[in-house]
Amino acid sequence: MTRLLILVLLFLPMVAGAVTPDEMLEDPALEARAREISQGLRCPVCQNESIDESNAELAHDLRVLLRERLVAGDSDEEAVQYIVDRYGEFVLLRPTASGINLILWLAGPILLILALSVGYMAVRARSRSAPQADLTDEEQARLKELTGG
């Protein structure tokens, strides 16, 4: 039990996020906006972490850049767009469902429907092609004998 507690305490700082005190803004409302926005931006180095969680140097730079934009008076959308303009839509953890991304958003459901349709048609064709012959009296007697019925 003690070992488990020690492990939890060792890994607790990793869960807290990567934002360092020197990055934080003095205005709590502005800092809360920055944290919320940064949780939706992907770290270009880590790729599966938000810049809020990542310890990469580039994520640090993006967090600082985001806070600079918010202090300059940008709205949330303007600050995000500023970063997207420089790094592309790849930095969005939830890319927009428009343009070329629309193909990616629709590909999964379309392929699922296509796979279900092909599977249904295959099962249906197989059931139609299966022989429907009835057993003769002699075959039924032999079947009962083999099954012990």
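Read-outs throughout are calculated quantities, based only on the coordinates presented, and are distinct from any laboratory measurement. What you are looking at is a predicted structure, and each value in this text was computed from that prediction instead of being measured. Don't worry about glycine lacking a Cβ; one is built from the backbone with ideal geometry, like all the others, and counts go over all protein chains shown.
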The answer for Leu92, listing residues at least 5 apart or on another chain whose modeled amide H is closer than 5 Å to its amide H, is Arg42
Over all pairs of distinct alpha carbons, what does the Kirkwood formula give as the hydrodynamic radius of segment 72-114, in Å?
12.1 Å
List Asp137, Asp74 from most exposed to least, where exposure is judged by having the fewest other Cβ atoms within 10 Å.
Asp137, Asp74
Once Glu77 and Ser98 are pulled to full extension, the length gained, defined as 0.36 nm per residue separation minus their Cα-Cα distance, is 5.9 nm
Quotient of Cα radius of gyration and Kirkwood radius for segment 30-91, i.e. Rg/Rh, equals 0.92
Could you state the per residue volume, in Å³, of the convex hull enclosing the Cα atoms of segment 91-147?
119 Å³
Give me the Å³ per residue figure for the convex hull around the C-alpha atoms of segment 46-148.
193 Å³
Residue-wise HN-Hα coupling along segment 108-120, computed from phi with Karplus coefficients 6.51, -1.76, 1.60 (Hz; x: Gly, Pro):
x, x, 5, 5, 5, 5, 4, 5, 5, 5, 5, x, 4
